[in-house]
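Enquirer: Shown below is the structure under consideration.
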Amino acid sequence: VLRRYQLVIVSSSLEFGPLEVKTKIEAHLRAGGDVFITGKQLAALPDGLLGMSASACDTLIPAGRVAVGNDTVTEPPWRACLLHLPSESTPIATTGGRTVAARVELKGGGRLVAVASAHGVPASPVAPPSGHSWSENPYRADGSLASPYPMLRYVRRLVSDLLNSTVLFEAGAGLSTIQNRRADGSYVLSVANGGLNELPMQIRSRV
């Protein structure tokens, strides 16, 4: 089932069968697939993945700047794991001299990206929108839905880069697509508009 997808994102708790999960994820990587995993989930896998592992996941990183790629982002306090990196890994995000994200690339094309953030979110809830509390639901159905635990900016950047690399077709701004390749090499493309307003559609191939 995993091989039907180019990218697998592991961010939920791995409470059952960690060895089986590890075996399947590494098989996906060696077959050319991509995997993104947060620190707490990497720490749950026996000996980690591809020689990369994590431990000590309760370290509180104070609010500050994280260098990711050629950019720098500012983060609220967050909890981090200690990443143990193999020699063939590449650090891709740092803060205070500490590596908080790394990548391992296989010759067959598989890519593993791991972040030190335990779950990819701040340690404490962020402030709710002005004049509201998180215990109420002040949001309109056609408005944005805020979250008390938004994804950390550096984590969002790395996830977005991976997701963008898997896009085969574009339909236009504001439209989402799902593509399925059939046995004869053709594609079935589903296009969805998640908003309430009409949007122009122009399909463009990135294959």
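Enquirer: Taking the Cα centre of the chain as the origin, how large is its charge dipole in debye, to the nearest 20, when only Lys and Arg (+1) and Asp and Glu (-1) carry charge on their Cβ atoms?
Expert: Working: 20 positive and 16 negative charges, 75 e Å.
Using only the charged Cβ atoms, the result is roughly 360 debye.
Enquirer: May I ask you to give the percent of accessible area on region 1-71 that is carbon plus sulfur, with a probe radius of 1.4 Å?
Expert: Whole-percent figure for carbon plus sulfur exposure: 54.
Enquirer: List the lysines whose alpha-carbon lies under 24 Å from that of Lys40, not counting same-chain residues fewer than 8 positions away?
Expert: Cα-Cα hits under 24 Å: Lys22, Lys24.
Enquirer: Note down the net charge around Pro62, summing +1 for each Lys or Arg and -1 for each Asp or Glu among other residues with Cβ under 15 Å from its Cβ.
Expert: In short, +1.
Enquirer: State in Å² the accessible area per residue of the chain; use a 1.4 Å probe, count heavy atoms of protein chains only, and round to the nearest integer.
Expert: 60 Å²
Enquirer: Could I get the Rg over Rh figure for the chain? Both from C-alpha atoms, Rh via Kirkwood, rounded to two places. List each step's numbers first, then the result.
Expert: Numbers: Rg = 19.0 Å, Rh = 19.0 Å.
Result: Rg/Rh = 1.00.
Enquirer: What ranking do 98-107, 11-20 get when scored by the average of other Cβ atoms within 10 Å per residue, highest first?
Expert: 98-107, 11-20
The values are calculated or read from the model by the stated rules, or taken from the named source; none is laboratory data. As the structure is a prediction and not an experimental result, all values here were calculated from the model. FYI the Cβ positions are ideal-geometry reconstructions off the backbone, even for glycines, and counts take in every protein chain you see. Heavy atoms of the whole protein, side chains included, go into the accessibility calculation; ligands, DNA and RNA do not. Shrake-Rupley method; radii C 1.70, N 1.55, O 1.52, S 1.80 Å.
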